[in-house]
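**Q** Pasting in a structure now, in structure tokens, and then I'll have a few things to ask.
We did not get these values from a lab; they are worked out from the coordinates using the rules stated. Computed from a prediction, not measured in an experiment: that's the story for all the values here. Glycine gets a Cβ as well: all are built from the backbone with ideal geometry, and neighbour counts include every protein chain shown.
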Amino acid sequence: MFENPDAFDITRYNASKQIAFGAGGPHFCLGANLARMEIRVVLQKLLAAFPDLHATGRPDALLSQFVHGVKSLPCTVR
Ligand code: HEM
């Protein structure tokens, strides 16, 4: 589905084809819209508070058979 799938790239032309909340079947995540709003608000507030926030290293990946994630990501703020 995605070229270079291990890269975090939300600007891909087909980024909306991700299936983090399910693939559209009968058990598609009931909280998808709430989760999207929470994520949007968190990132808006974070970037408003720290406009110069940027990563200075690679993310430490959470290795799990249940959920993929990032344990930590070194950043600088002013
Ligand atoms: C980033 C956050 C979240 C992710 C990545 C996520 C992901 C998922 C996934 C992959 C499924 C299974 C989809 C399927 O089998 O087709 C699911 C189901 C579900 N999610 Fe979420 N979810 C998130 C947040 C939430 C929130 C905030 C709520 C509720 C407030 C929620 C409620 C549910 C429920 C009730 C189901 C079961 C739906 C069913 O079985 O019919 N989720 N979620």
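**Q** Give the residue that is nearest to ARG40 (Cα to Cα), with candidates limited to residues of segment 6-15 that are surrounded by 10 or more Cβ atoms within 10 Å (Cβ to Cβ) and more than 16 Å from the ligand (Cβ to nearest atom).
**A** Residue satisfying both the conditions and the ranking: ASP9.
**Q** Please specify each residue of segment 16-61 satisfying the condition of being away from the ligand (no atom under 13 Å from the Cβ) and within 24 Å of GLU3 (Cα to Cα).
**A** If the condition is that a residue be away from the ligand (no atom under 13 Å from the Cβ) and within 24 Å of GLU3 (Cα to Cα), then SER16, LYS17, ALA55, GLY57, ARG58, PRO59, ASP60, ALA61 are the ones that fit.
**Q** Between residues in segment 9-25 that are within 21 Å of ARG58 (Cβ to Cβ) and residues that are more than 15 Å from the ligand (Cβ to nearest atom), which pairs lie under 7 Å by C-beta distance while being six or more apart or on different chains?
**A** From segment 9-25, the pairs are ARG12/PHE2.
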